[in-house]
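Reading through the structure tokens given below for one structure.
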Amino acid sequence: MSTPLEVTILLPCRNEAATVAICINLALAWISLRNLTGEVLVVDNASSDSSAARALTAGARVIDEPRVGYGNALRTGIQSAHGRIVIMADADNTYDLTNLDAFYDPIATNQTHDIVIGDRFALPPSRAAMSRYNHAGNWLLSTLTRTTTGLSTRDIHCGLRAFTRTTMTDLPTWSTGMEFATHMLIHAHRQYLRIAETPITLHPPAAGRNSNLHPLRDGLRHLAAIARESLRGHAPHQSTSTVRKTQRNQADDAPRSASD
């Protein structure tokens, strides 16, 4: 592709035949509303249903990632995205894809942040959208991550987030499962990237949907990732703009040659 697109809406997908086309239609409508060049990219992660076929029919570009795992699907999708800005979401229609301005504008238009992540706790989700068990688990893991790494983000595990493709491909994030979401933010924090949060509403999943999340197994994987990263230590958070300002000041203070 000679001319890069402006945005890729990235949907990792495993057995979401009931909702993937809905998500694609909403995402394409937002791209059209904003008059952007863009695509919806679905990464089919070893689905055993008709997810891939329905995604193609709905107008998405579909690629295959046979290695099961949220991190595997996202890494493949980020590397394959044609858009300069990547907005990742889920294909289960629990995130509102009708208005992604709060994710796109801070990075592409205002250039005030490098990553924008949704905050599901700022606007109380319905009881059907997130169980008390899952809410407690998210709160506990997010608190542990903030305490041990210095990251200030409140909802560490929200799957609706935006970033530039090159920024994310440069991060050393190699997790294969759900802990990818934690690793992404920890490494972004250590690279002094500017992270913003924006309130979102979480919608209930479709009736009869079998979640790809395994709370105990994935919770333990998150705990292991947090433990590994905390042992590495962390630097105090500093925004990218502050780092660049410091670098400019150092350059200004440097001795000038006789030819200057």
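For region 90-133, report the translational diffusion coefficient in µm²/s to the nearest whole number, using Stokes-Einstein at 10 °C, 1.306 mPa s, and a Kirkwood Rh over Cα pairs.
The Stokes-Einstein estimate is 128 µm²/s.
Ignoring ligands and nucleic acids, what accessible area does Asp170 show with a 1.4 Å probe (Å², nearest 10)?
120
How long are the three semi-axes of the equivalent ellipsoid of region 59-187, in whole Å, if each is the root of 5 times an eigenvalue of the C-alpha gyration tensor, listed from largest down?
They are 22, 17, 17 Å, listed largest first.
Using a 1.4 angstrom probe with every protein chain in place, what is the largest-first accessible-area order of Thr164, Thr145?
Details: Thr164 25, Thr145 0 Å².
Per-residue accessible area, sorted high to low, gives Thr164, Thr145.
I want to verify the translational diffusion coefficient of region 1-115 in µm²/s; compute it with Stokes-Einstein, Rh as the Kirkwood radius over Cα pairs, at 4 °C and 1.567 mPa s.
So the translational diffusion coefficient is about 92 µm²/s.
Express in Å², to the nearest 10, the accessible area of Met168 obtained by rolling a 1.4 Å probe over the protein heavy atoms while all chains stay in place.
Here the residue's solvent-accessible area equals roughly 10 Å².
Sequence-distant or interchain residues sharing an amide H contact under 5 Å with Arg194, placed H: which?
So Arg194 has HN proximity to Asp114, Ile115, Thr240.
Could you let me know the centre-to-centre spacing of region 79-149 and region 1-53, using Cα atoms, in angstrom?
With region 79-149 and region 1-53 each reduced to a Cα centre, they are spaced 17 Å.
Please give me the summed charge of the neighbours of Pro12: other residues whose Cβ is under 13 Å from its Cβ, Lys and Arg +1, Asp and Glu -1.
Taking every other residue near Pro12 into account, the sum is -2.
Placing unit charges on C-beta atoms (Lys and Arg positive, Asp and Glu negative, everything else neutral), compute the dipole magnitude of region 1-79 about its Cα centre in debye, rounded to 20.
Charge dipole, region 1-79, about its Cα centre: 80 debye, nearest 20.
At 1.4 Å probe size, what's the solvent-accessible area of His135? Round to the nearest 10 Å².
That residue has around 70 Å² of solvent-accessible surface.
The values are calculated or read from the model by the stated rules, or taken from the named source; none is laboratory data. Nothing here was measured: the structure is a model prediction, and the numbers come from that model. Note that each Cβ is placed from the backbone with ideal geometry, even for glycine, and that neighbours are counted across all protein chains shown. Protein only, heavy atoms only, side chains kept; ligands, DNA and RNA dropped before computing areas. Shrake-Rupley method; radii C 1.70, N 1.55, O 1.52, S 1.80 Å.
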